[in-house]
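Here the structure comes first, spelled out in structure tokens, and everything after it is commentary.
The values are calculated or read from the model by the stated rules, or taken from the named source; none is laboratory data. Because the structure is predicted, anything quoted here is derived from the model rather than measured. The accessibility values were calculated without ligands, DNA or RNA, using every heavy atom of the protein model including side chains. Shrake-Rupley method; radii C 1.70, N 1.55, O 1.52, S 1.80 Å.
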Amino acid sequence: MRPRIAVIGSGPAGLTFARVLHRHGHPVTVLERDPARDARPTGGTLDLHEGLGQLALDKAGVMAQFQELSRPEGQAMRILDADGTVLRDWQPRPGDMANPEIDRGQLRDLLLGPLDVQWGRVVTEVVPDSRDGVLVHFADGRQELFDLVIGADGAWSRVRPAVSSATPQYTGVTLVETSLDDVDIRHPDLARLVGDGSVAVYGVNRALVAQRNSGGHVKVYAQFRAPLDPHTNPDRHRDLNQRADLGLDDVEAVRSSLLALFDGWAAPVLDLLRHGTAFVHRPLYALPVSHTWAHVSGVTLLGDAAHLMPPLGAGANLAMLEGAELAESIAAVGPGDLDEAVRAFEEQMWARAGRWANITTAGLERLVSPDPSEALALFDEVQPS
């Protein structure tokens, strides 16, 4: 008999795992706390890298659909000085598919495909070492047994405590996110400022980044070093019944505060904040750079649940590739070899994730830095000449 496998979470990691396993003819149960696929906004855009996220999509058999949906032009990147002077303006070469962008919602729909997700299944605890398997407890009081439970449930994972006592810690950097809709029609000057991809401005311990999504939608991120907002209750981040972001209800007060924080910056740059429609508070958390755990039979982790790191373009890519690799490993072995396959996968995941955690942690230090030239130097290092 095939093992009973459940993946907790329908983000990029969980869905890629399920889609690859489904492609190999193995049943898998996908459990998602959201009550429906459209229950909340899916977030901004992702750049999927060759050899990482794109390789995972190829393993899932959806690469052709991704190429139709993705936006290679979204790889464009412009950096301005605080006075509006253009310091760098990188444009992708024709046919460049190194890191094309795709909206998170589009990626989720692409991966969902034929998968049967159980929506509204709120996991509260995972208990390994049960006589008959791994016991999953749900908020509605129900329980289910599985032979393997995969935690792909993000930063505040409810699966993680089954294998690790580690909890995410605040990095010292906070993001406040806002959005512009129908930017090409309503704000054509800002549309030109952002271009086809992203525009970024770096100052002393602060930055302002705007990124184009599909459909004329632009996400704007104010970034700054600060203690956690005294009005922020960190426990809300850990509460499964709450979003992992915190709304800022007094829009005009938040706008005024941000404009004061970036006072003196060029007017067109500040217009990205002036025209924002709502604001969301996103303090950045991370797990220890070399987060590992003693292997626990029947339970493992993927993506942010395993190695939450600063959001510098690696997290989703690693999560997807991990999901694809774990699925392929499981598909290649018999039930009696399942535990060893998972153990070998974890060793491989930890080594790769540790390297990227070091890179992204150092990158965040340079991007939101007392010396804005550090951010420019970092981009010079990673952008093609």
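Structure above, values below:
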| read-out | value |
| --- | --- |
| Debye-sum result for the range 47-109 in log10 I(q)/I(0), which assumes one identical scatterer on each alpha carbon, at q = 0.14, 0.17, 0.26, 0.27 Å⁻¹ | -0.47, -0.63, -1.08, -1.14 |
| Note, ³J(HN,Hα) from phi for the range 293-306, Karplus 6.51, -1.76, 1.60, rounded to Hz, x at Gly and Pro | 8, 5, 3, 10, 4, x, 9, 8, 10, 10, x, 4, 4, 8 |
| GNM top mover of Ala56, Ala294, Ala305 - the chain, alpha-carbon springs below 10 Å | Ala294 |
| Relative contact order computed over the range 1-118 (Cα-Cα under 8 Å; 6+ residues apart), in percent | 33 |
| Spread of Cα-to-Cα distances over 5 Å intervals beginning at zero, given as percent, for the range 46-188 | 2, 7, 10, 12, 13, 15, 14, 11, 6, 5, 3, 1, 0, 0 |
| Where the chain is the region considered: accessible area per residue in Å², 1.4 Å probe | 43 |
| Cα-based helix-to-principal-axis angle, 315-331 vs the chain, degrees rounded to 10 | 20 |
| Under Karplus coefficients 6.51, -1.76 and 1.60, residue-wise ³J(HN,Hα) of the range 348-353 in Hz, glycine/proline x | 5, 4, 4, 5, 5, 5 |
| Accessible-area composition of the chain, carbon plus sulfur, in percent [1.4 Å probe] | 50 |
| Under 5 Å, built H, 5+ apart or other chain: amide partners of Thr29 | Ile5, Ala6, Val7 |
| The range 265-317 versus the range 327-374: alpha-carbon centroid distance in Å | 14 |
| For the range 9-50 versus the range 128-202, the gap between their alpha-carbon centres in whole angstrom | 12 |
| Whole-Hz couplings from phi, Karplus 6.51/-1.76/1.60, listed for the range 357-370; x for Gly and Pro | 5, 4, 5, 6, 5, 5, x, 4, 4, 8, 6, 10, 9, x |
